[in-house]
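Asker: Quick one: the structure is below, and I'll ask about it shortly.
Derivation of every value follows stated rules applied to the coordinates shown; laboratory data play no part. Please read these numbers as outputs of a predicted model, since none were measured by experiment. Every residue, glycine as well, gets a Cβ built from its backbone with ideal geometry; the counts of neighbours run over all protein chains shown.
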Amino acid sequence: MTFDGNLSALGILTLSLCAFACDNGSVGEFESDDGGASSGASTSASAGEGSTSADTDGGSESESATSTSGPTTTDATSSTQGGTETGGSSTSGGPVGVCAGVENHMCSGPVDCGDACGELDSMFDDDGCVREACGQHDDCDDAWFCYRPLNYGGCQSSDVSCSEDADVGCQCATLPDCGGAYCVPEEIVFAGASPGPTAGWATDSCAPDDGPAFLLRVGTYTSDGCGGAFAEDEPLVEFRINAPLGSTGSYVSDEFGIFVATYHPGDGSQVPVTGAVTVTSAGDVLEGEYEARLPDDTVVYGSFSAIGCPSDEPLPCG
């Protein structure tokens, strides 16, 4: 089973800024065409400092509207603050000021997202600017992590953008899917993220149901061919993925049976881990990225280049 990170668009929802930004800036629930709850733009918010709420007839009012086409739009309040996260590689667009140069942020100032600004699962950075979208870790600057909430049970839209409207001010729009990823500082990724090993090998294995699988080991590999050794005193991460050797795709351990992973810190011990693996090319060499979330909530991640080492004989799985 693989995940490509892009779900089909399910509908459009119009809501106020507090419904979008004061929550956590992430995608929540929206009403699908069949009346059920699906992944979309958040329709709830908590009042707090820096947030506003509409009151009609003595009661608190929260409005949402569902249509059949187009992106979700939200009213946003602009503010003026100093400094901003800059973890991606944007080179054009954006207003003059704190959010200048942010490709998807075209308002005259940042969004007032309250306490949600800068949170790991928010699409807005500390200053209320839209974070830089990314597809892989190499899209982000050094010491920055390409965070994909879907890999960890979360949900963020694949397209969040803010623009100025002459009549209503700053408006932010999202697509109602969960395929988004964006650059964040390594230190806010759970208990912290750091680059891990990058070289290794992959070979055939057997899945728990006796189906085909492959074993991927990434560490400090001391050979340029199959059958070599890893440095014993260096970290190593190992994934057994339930797909034939030579497969490409994205695999996450939160789905039962997709893969089993262990981390060897280099001291002779090993611990089970969760995470994600993306194989972008496979053949004589497998290339891609991995993330391993350790029991202490730190994350080891990196790009890998692994020599493909198919078994000489078919494995007796089953």
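Asker: Please compute the modelled spin-label separation between Ser305 and Ser223, points set 7 Å along Cα→Cβ, answer in nm with one decimal.
Answerer: So the label points at Ser223 and Ser305 sit 1.9 nm apart.
Asker: So, one more: Name the chymotrypsin sites (Phe, Trp or Tyr not before Pro) in region 185-279 that are in a loop by DSSP and that have at most 11 other C-beta atoms within 10 Å, would you?
Answerer: Phe256
Asker: Now for a different question. Using a simple spin-label model with points 7 Å from Cα along the Cα→Cβ vector, what separation in nm is obtained for Asp312 and Ser269?
Answerer: Those two pseudo-labels are separated by 3.8 nm.
Asker: Quick check: net charge around Gly97, other residues with Cβ under 13 Å of its Cβ, Lys/Arg +1 and Asp/Glu -1?
Answerer: -2
Asker: Could you pull the Rg and Dmax for region 186-252, using just the Cα atoms, both in Å?
Answerer: 14.1, 40
Asker: Modelling each spin label as a point 7 Å along the Cα-to-Cβ direction, I'd like the Asp141/Asp165 distance in nm, to one decimal.
Answerer: Placing both labels 7 Å beyond Cα along the Cβ direction yields 3.3 nm.
Asker: Additional query: Can you give the charge dipole size of region 193-309 about its Cα centre, rounded to the nearest 20 debye, using +1 on the beta carbon of Lys and Arg and -1 on the beta carbon of Asp and Glu?
Answerer: 140 debye
Asker: Now a separate question. Under the rule of at least 5 residues apart or a separate chain, name every residue whose amide H is placed under 5 Å from the amide H of Asp159.
Answerer: Leu175
Asker: Now, a different point. Can you give the local net charge around Phe304? Use residues other than it whose beta-carbon is closer than 13 angstrom to its beta-carbon, Lys and Arg +1, Asp and Glu -1.
Answerer: Taking every other residue near Phe304 into account, the sum is -4.
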